[in-house]
Amino acid sequence: MTDFIKSLTDQLPAYLRDLETLVNTDCGTHNKAGVDAIARVMRERFREFGAEVLEFPHEKFGNMLYGRWKGAGTARIVMLGHMDTVYADGTTQQISFHKLGSRYKGPGVGDMKSGLLLGLYAAHALVQSGFDQFAEIGLFCNSEEEIGSPASRELYAQFVRGATAALVLEGARESGAIVSARKGVATYTVTARGKAAHAGVEPEKGANAILALAQHIQALQALNGFRPGLTLNVGVVRGGTKSNVVADLATAEIDVRVLSAADVAPLEETMREILARPGVAGVTAELSGGLKNPPMEKTAAITRLAEMAKRIARDLGFELADVTTGGGSDGNYTAALGTPTLDGLGPICGKGHNALEEFLDGTSIIPRAALLAQLLAAIAAVR
């Protein structure tokens with residue numbers, strides 16, 4: 001096994017300088033100028049590291065990039081990371097990149113500036129070592145992952161479909177675990193329609209949509225665990241106009257997480273059965289919505305990737321676990337394209353989406369970069 005520790009350690013000061021630049025740039029998803037500034041840094045570093053850069057300008061969101069290195073082998077491996085954060089403009093003026101003990105802190109340091117750069121530096125270390133037994137190693141820089149990748153995911157098929165593997169550079173869990181499965185996300189709206197009436201003068205002539213919806217909500221919440229790992233949460237409820245009016249309209253917004261896409265159809269059938277049950281006379285209820293983000297299911301191919309990563313970690317001197325998480329990432333989309341996907345391959349991070357507490361475990365940078373570089377080589381060698 002090639003020892004990447006020394007070369008990556010030599011590159012650590014440059015990595016940290018780049019990380020400071022990225023973290024100290026306001027680049028919320030809708031701040032196109034900020035995300036474009038991140039893209040310029042990545043473009044410059046790609047070219048410095050000998051990668052070909054494909055650019056995908058966008059009018060609304062930040063410009064996207066795909067940097068790639070060509071080799072003499074047959075495997076094609078795609079890494080993915082995002083350049084945007086969830087933070088509002090001005091956040092970096094309130095809290096900037098800094099070190100506290102062994103941790104680096106700042107908005108976006110974990111989600112996911114550190115992982116984005118880790119992919120770049122790990123690939124550079126691999127190529128710099130003289131290893132070229134791959135057809136292509138690429139890194140796609142997404143500009144709007146934090147809102148579901150509406151633009152970037154349209155580009156994934158041309159790079160990801162048919163690839164040997166997709167490696168997503170979100171941070172490892174706080175425990176150090178990587179991610180081998182992610183739940184899919186479905187969103188639904190229940191709309192109850194009744195009849196308005198004066199609540200004081202003739203309430204009997206009304207049909208209260210809020211009351212009917214409340215009854216349905218209890219039954220819907222009971223569907224938690226309907227299938228293994230399935231969760232359902234009624235998160236937003238709206239209804240009525242004034243307290244002295246029998247409400248003729250009420251809605252509930254529902255978040256559902258599933259381990260398998262096969263769970264969606266029977267769930268929806270059961271939800272509709274609940275809404276069709278007799279309840280408040282004169283009120284009807286309907287369901288709309290569906291699967292928004294497909295699950296990243298742990299296939300046999302993904303299991304093999306996870307086991308490969310665990311063996312490499314042992315050789316590097318640490319144990320590695322793989323877990324399932326309820327949160328979504330671009331790994332959901334790459335897995336849905338049929339490409340074996342492994343996620344959480346960035347350094348160990350925590351407290352994402354909390355500017356004051358978000359952190360990167362500095363002691364994990366070199367080991368995780370070495371893991372990633374060696375994993376790229378191992379995947380290429382299999383084929």
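The values are calculated or read from the model by the stated rules, or taken from the named source; none is laboratory data. Note that the coordinates shown come from a computational prediction; the quantities given were computed from them, not determined experimentally. Cβ placement follows ideal geometry from the backbone for every residue including glycine, while neighbour counts extend to all protein chains displayed.
A few remarks follow.
- Check on residue 338, touching a residue at least 24 places away in the same chain (Cβ under 8 Å), touching a Leu at 6+ places or on another chain (Cβ under 8 Å) and not in a helix (DSSP H, G or I): no
- Matching residues in the stretch 187-205 - criterion: being more than 15 Å from residue 280 (Cα to Cα), surrounded by 15 or more Cβ atoms within 10 Å (Cβ to Cβ) and more than 36 Å from the chain's Cα centre (by Cα): 199
- Just one of the listed residues (307, 269) is of a type in the set (D, E, K, R) and under 23 Å from the mean Cα position of the chain (by Cα), namely 307.
- Test: residue in the stretch 275-285 that is part of a helix (DSSP H, G or I) and at pLDDT 95 or above: yes
- Here 360, 287 are screened, and the one residue that is among the hydrophobic types (A, V, I, L, M, F, W, C), farther than 30 Å from residue 133 by Cα and surrounded by 24 or more Cβ atoms within 10 Å (Cβ to Cβ) is 360.
- So residue 163, is it modelled with pLDDT of 95 or more and assigned by TED's automatic domain parsing to the domain that holds residue 366: yes
- Qualifying residue in the stretch 327-335 (condition: more than 26 Å from residue 229 (Cβ to Cβ), in contact with a strand residue (DSSP E or B) (Cβ under 8 Å, 6 or more places away or on another chain) and in a loop (DSSP other than H, G, I, E, B)): no
- Filtered by the rule that a residue be touching an Asp or Glu at 6+ places or on another chain (Cβ under 6 Å) and either assigned to a strand (DSSP E or B) or buried (at least 17 other Cβ atoms within 10 Å of the Cβ) (or both), the stretch 71-85 gives 71, 76, 80, 82, 84.
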